[in-house]
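Asker: I'd like to ask you about the structure that follows.
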Amino acid sequence: RPETAAFLGHPSGLTSQRASRVAGMPPKKKNAEPPTTEAGDDGDVATSETPLKKKTKKTKVELPEIIPQDPAPRQPIPGGTKTFKAISWNVAGLRALIEKQPEMFRKIVDAEQPDVIALQEHKLQDAHVEDLTKKLKALLPEYPTVTFACSTVKKGYSGVAVLCKARVVDGGDEDTREPAKKPKTTQPGIAAFFGGAADAPKSAPAPAPTTKTPNVPSAYAGPALLSVAEGFSGFKDGYADEGRVLTLEFDSFFLVFAYVPNSGMKLERLAYRVNAWDLDFRLYLAFLDAKKPVVLGGDLNVGHLDADIYNKDAPHVKKSAGLTPEERLSFTKTLESVNLRDTFRAFHENATGWFTYWSGRVGNRPKNRGLRLDYFLASARAFACEGSGSGSGSPVNVEVLDGYILDRLTVGASDHAPLGVTLALRR
């Protein structure tokens, strides 16, 4: 703008210093061409003649309003096949679900007729077990065996439960029945991972009761249930204080249910998850697999493949619990080292839009914007394509026939969907 004398305080309108500088300036060039880069130059080095390059922003991936879902039909079961079916479901709080929507349990049983139902994140304390056991048995009297694993280090936290049509072999009467085996706890408790003092080694708390209903006709003709145990029973002490694992030993296979630790909002438990829990759980599964084929189900708290994550390209994904590169790689290591296969992917390798968890906080369920965090895995030798003689352990008397997600069966009851696996019993 013109600089006035009133503005600059000088009669000429310019200070003497500025006037002399302007007088000596060369005329300003117009439309100067930027310097060119010779062929072979990378053009990335800034000089006095080359401007700094602006960082290229990544193009934001626009998601459809509703994530589409590929077909993933249930597998046909050959007629005359003797089968075994298991269902797993993270209920996100059992007491509230029993109080508000108890019909959901009957709905699952009527639709699928599973031999075993496993529940994760029931959030019960040992003091609640007796009452909830009675309520479950009133709803589902065909499941005489009910076993809970509860957290003893934090109230209203984690927990796994199983309901079985089979009774434990030689289990005795309800009042004298041997409960789930509970190993003593020696690993650091949860307080140590959230800034609190490490828990001192302690003896095992009173084991949660495994009960069965008297006077229910014993019509179950499935495989014999030999035992129910908590933690990494028979392999490693500890891992029982957060109520995360129950192992059912049947005559021809192991059925393990787990609620794997979440790494936390700030990933404060990430190191524990991948360097302690995952490592020891992997070794425990290999220990079992050396004896019999293993089927593992539950909320494993990881989105393994890109297809298991609705917004895989979002920048925050790699920093989110269950989706970090460390957790996804660790899951791959478990599959490879124990020789396990993802039962859903075995039949629907490239199917997209299939999830088991949707954030209720942001209303993602109607838009199918979810994650697949829940799985059934099985020993590779339990798949027909692997051959009955492959792998380690004893002869294979079970075969995986189907793996599926029941994402429309219990909408509104939990932020997770139930999922299932169907096995063929070969003897």
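Asker: Only one residue in Val295, Val362, Val338 is among the β-branched types (Val, Ile, Thr) and modelled with pLDDT under 95, so which one is that? Give the steps one after another, and end with the answer.
Answerer: Values: Val295 fails: modelled with pLDDT under 95; Val338 fails: modelled with pLDDT under 95.
On inspection, the qualifying residue turns out to be Val362.
Asker: Please work out if Glu142 is out of contact with any Phe, Trp or Tyr (no Cβ under 9 Å at 6 or more places or on another chain), farther than 14 Å from Val228 by Cβ and surrounded by fewer than 23 Cβ atoms within 10 Å (Cβ to Cβ). Break it down into steps so the answer makes sense when it comes.
Answerer: Numbers: out of contact with any Phe, Trp or Tyr (no Cβ under 9 Å at 6 or more places or on another chain): no; farther than 14 Å from Val228 by Cβ: yes; surrounded by fewer than 23 Cβ atoms within 10 Å (Cβ to Cβ): yes.
So Glu142 fails the test.
Asker: Report, ordered by the first and then the second residue, all pairs with beta carbons closer than 8 Å, sequence separation of six or more or different chains, a first member in region 104-119 that is in contact (Cβ under 8 Å) with a residue 60 or more places away in the chain, and a second member that is assigned to a helix (DSSP H, G or I).
Answerer: Met104/Leu97; Pro114/Ile108
Asker: Please go through region 91-116 and give me each residue that is open to solvent by 10 Å² or more (accessible area, probe 1.4 Å) and β-branched (Val, Ile, Thr), ordered by number.
Answerer: Ile98
Asker: A further question follows. With the condition kept exactly as written, say whether any residue in region 147-158 is open to solvent by 20 Å² or more (accessible area, probe 1.4 Å) and among the aromatic types (Phe, Trp, Tyr). Spell out how you get there, then give the answer.
Answerer: Pass one, region 147-158, residues open to solvent by 20 Å² or more (accessible area, probe 1.4 Å): 152-157.
After this cut, where a residue has to be among the aromatic types (Phe, Trp, Tyr) as well, the list is 157.
Checking region 147-158: at least one residue is open to solvent by 20 Å² or more (accessible area, probe 1.4 Å) and among the aromatic types (Phe, Trp, Tyr).
Asker: Among (1) closer than 27 Å to Glu62 by Cα; (2) open to solvent by 30 Å² or more (accessible area, probe 1.4 Å); (3) free of Cβ contacts under 8 Å to residues at least 60 places away in the same chain, there is one condition Ala346 misses while meeting the rest; what is its number?
Answerer: It is condition (1) that Ala346 fails.
Asker: Given the conditions (1) in a loop (DSSP other than H, G, I, E, B); (2) small (Gly, Ala, Ser); (3) surrounded by 15 or more Cβ atoms within 10 Å (Cβ to Cβ), and given that Ala307 satisfies all but one, which numbered condition is not satisfied?
Answerer: Just one mismatch for Ala307, condition (1).
Asker: Let me ask something additional. Within region 333-343, can you find the residues that are open to solvent by 40 Å² or more (accessible area, probe 1.4 Å) and part of a helix (DSSP H, G or I)? Spell out how you get there, then give the answer.
Answerer: Going through region 333-343, the residues open to solvent by 40 Å² or more (accessible area, probe 1.4 Å) turn out to be 333, 336-337, 339, 341.
Result: Lys333, Glu336, Ser337.
Asker: Are any of the residues in region 159-173 basic (Lys, Arg), open to solvent by 10 Å² or more (accessible area, probe 1.4 Å), more than 15 Å from Glu230 (Cα to Cα) and modelled with pLDDT of 95 or more?
Answerer: Of all residues in region 159-173, those basic (Lys, Arg) come to 165, 167.
Subset that is open to solvent by 10 Å² or more (accessible area, probe 1.4 Å): 165, 167.
Pick out the ones that are also more than 15 Å from Glu230 (Cα to Cα) and you get 165, 167.
Among the residues that remain, those that are also modelled with pLDDT of 95 or more are: 165, 167.
Yes, region 159-173 contains a residue that is basic (Lys, Arg), open to solvent by 10 Å² or more (accessible area, probe 1.4 Å), more than 15 Å from Glu230 (Cα to Cα) and modelled with pLDDT of 95 or more.
Asker: Of everything in region 317-327, what is assigned to a helix (DSSP H, G or I), under 12 Å from Arg273 (Cβ atoms) and open to solvent by 20 Å² or more (accessible area, probe 1.4 Å)? Give them in sequence order.
Answerer: Listed by number, the list holds a single entry, Glu326.
Asker: Can I ask one more? Of the residues Tyr272, Tyr284, only one is open to solvent by less than 10 Å² (accessible area, probe 1.4 Å) and assigned to a helix (DSSP H, G or I); which?
Answerer: Numbers: Tyr272 fails: open to solvent by less than 10 Å² (accessible area, probe 1.4 Å).
Of the residues listed, the single one that is open to solvent by less than 10 Å² (accessible area, probe 1.4 Å) and assigned to a helix (DSSP H, G or I) is Tyr284.
Asker: Right, here's the next one. Condition test on Val302, is it outside any helix (DSSP H, G or I), closer than 17 Å to Thr356 by Cα and β-branched (Val, Ile, Thr)? Before you say what the answer is, go through the steps one by one.
Answerer: On the way: outside any helix (DSSP H, G or I): yes; closer than 17 Å to Thr356 by Cα: yes; β-branched (Val, Ile, Thr): yes.
Yes: the conditions hold for Val302.
The values are calculated or read from the model by the stated rules, or taken from the named source; none is laboratory data. All of these numbers come straight from a predicted model, not from anything done at the bench. Cβ coordinates were reconstructed from backbone atoms using ideal geometry, including for glycine residues, and neighbour counts include every protein chain displayed. Areas reflect the complete protein model, heavy atoms only, side chains present, ligands, DNA and RNA absent. Shrake-Rupley method; radii C 1.70, N 1.55, O 1.52, S 1.80 Å.
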